[in-house]
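Down below is the structure, laid out as structure tokens.
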Amino acid sequence: MNIIKVYYLIDFENVGCEGLNGCEKLGESDYIHLFYTNNNKKIDLDIISNHGAAKLITHKVPTGKQSADMHLGSYLGYLVGAKHMDQKESCKFVIVSKDTGYDPIIQFWKTEKKAKVVRIDKISNKQTKNKQKDNKPPRRAARQHTWGAFFIYSGIFSQTRWRKRKSGNMV
């Protein structure tokens, strides 16, 4: 039987103790990586001490704008490279955060290395999927792609027409 290791990367600044709800049900093949700074609200030690059979690793990162996000994203890349590329074991990566800024990173690793990465807002929701569908780009990206294709194919951005438009001498 193939055991799937699950790595929970928690953006504690974003979800707080609520994001840890449900961690008491985790098993021996689960790993919790908790990213926090000095700016965090108080940490409920009861929740942290009751993390089931999962291994808990804390990462205190420097205080700064988006510091926890950047460190978490970097660590995700490290884990994907170190654990996902090891063909001997299966693994899944779960970002616990309400921050949709992680979605492009998730999409990148799914596309680039076929890694199993999702984002949830608390561990008790571990079965729920990321709201963004895997096969569709974000709406803004799709819109930009559509308009870009329209402009390229219609010739609107040809240099001569563009110069005439800028100068106001459109024929």
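The values are calculated or read from the model by the stated rules, or taken from the named source; none is laboratory data. Model, not experiment: these values are computed from the prediction. Side chains included, ligands, DNA and RNA excluded: accessible areas come from the protein's heavy atoms. Shrake-Rupley method; radii C 1.70, N 1.55, O 1.52, S 1.80 Å.
The count of lysine pairs in segment 53-119 with alpha-carbon distances below 12 Å, taking only pairs 8 or more places apart or on different chains, stands at 6.
For segment 10-102, with every protein chain kept in place, what is the accessible area per residue (1.4 Å probe, Å²)? Don't skip to the answer; put the middle values down first.
On the way: 4800 Å² over 93 residues.
Dividing the accessible area of segment 10-102 by its residue count gives 52 Å².
Please report the carbon-and-sulfur percent of the accessible area for segment 11-52; probe 1.4 Å, protein heavy atoms only, DNA, RNA and ligands left out. That share works out to 44 percent.
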